[in-house]
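Below: the structure, in structure tokens.
We did not get these values from a lab; they are worked out from the coordinates using the rules stated. Not measured: the values here are computed from a predicted model. Cβ coordinates were reconstructed from backbone atoms using ideal geometry, including for glycine residues, and neighbour counts include every protein chain displayed.
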């Protein structure tokens, strides 16, 4: 053992526990958060409607989120019980809400893409919130070796909802995921996306968060063998009073893997609040890692607030590339002036700049109907 290996690994574990909590399937292992913890200090706990302390579980208020699956003909969709051996293989809960969701779901949905299959269309999972009480869910998407698939997660309606979603990507397989949070204005959604990449696996994730009163998403990526490649992108538009939070973790524990993170948001209205936390850990054994993370926020009005915290911890000197950046600011007056000088009215010039800022990422969505829907939703936000 090298002189510095054990202390460095201990520091990484300590930092992970500080930022993301311990890992356990046992709800009793997690204390009820007070808001002083690093992982919860930005989240308004009073608006979680009891998801964080168990008080959302009430027989008097029964919640339900209906799941409809429009599957590609090549995939298998199963509804299984809690005892199915395929559940819980790609993750362990790292906070109380994730553990509560694991403890409370009744049935899970398992989607399997068979070996070497290339799906002929995206598989669309539509989540529709119904009822006033809390609801919990669990999804497993398993892409077997050398297969290729696209998954769309479409959230709408009114709900108080917590779930865990596992993406298991096999050797040489490719999975593309688009997750849309288009909830009604009163919805609360706390979700954890767990991606596990095998040898030479490719994972492409695109998150779009528009609706809901409070949405907190925690996407994570872990590698089980060399050669994994993850690209995680996202856009969000925060209106007055909304709290939209994204907390990402990329854990590089295998050599010669890649990751790229790019999230962009626009905020308008009083008490519009965006939170973005991006954590990347490059462990001692992860030589040859190539990683970069970026978050940019455009603050359109007074009273809006963006908190952006990129964290990069490197425990080996043998990396191909590593970096991070974060920026939050207002519209560039020079950009607006340039367009106005060419006869474009101020309001239209403003929309063009914002549309271009977010559109650079939205164009990465390779599903035409989803890309057009997101562009239309952003346009609607700009005309409010």
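Adding -39500 (n - 2.57) for every DSSP H run of four residues or longer, then dividing by how many residues the chain holds, sets the calculated 222 nm ellipticity at -5500 deg cm²/dmol. Spin-label model, residue 375/residue 126: points 7 Å from Cα along the beta carbon direction are separated by 2.3 nm.
Test of understanding: ordering 80, 169, 75 by Cβ neighbours within 10 Å, fewest first, what list do you get?
Values: 80 15, 169 29, 75 20.
So the residues, fewest neighbours to most, are 80, 75, 169.
A simple spin-label model places pseudo-atoms 7 Å from Cα toward Cβ; at residue 270 and residue 363 they are separated by 3.8 nm.
Residue 185 to residue 309: extension gain in nm, 0.36 nm per residue of separation minus the Cα-Cα distance?
Length gained, residue 185 through residue 309: 42.0 nm.
By count of other Cβ within 10 Å, fewest leading, how are 96, 351 ordered?
Lowest to highest Cβ neighbour count: 351, 96.
Note on residue 36/residue 320: beta-carbon distance plugged into 1/(1 + (r/R0)^6) with R0 of 35 Å gives a FRET efficiency of 0.35. For semi-axes √(5λ) of the Cα gyration tensor in Å, computed directly from the structure shown, the correct entry in [x] 30, 26, 23; [y] 49, 33, 19; [z] 31, 25, 19 is [x].
Where in region 182-198 does the label zone of residue 68 land, with the point 7 angstrom along Cα→C-beta and an amide N cut-off under 17 Å? Zone members listed by number: 182-184. Of all beta bridges that DSSP places with both ends in the chain, some 10 percent have antiparallel geometry. Annotation for residue 225 and residue 330: the two label points, set 7 Å from Cα along the Cα-Cβ direction, are 5.4 nm apart.
Quickly rank 25-35, 286-296 as a protection proxy: mean count of other C-beta atoms within 10 Å, highest first.
For the peptides 25-35, 286-296, the packing ranking is 286-296, 25-35.
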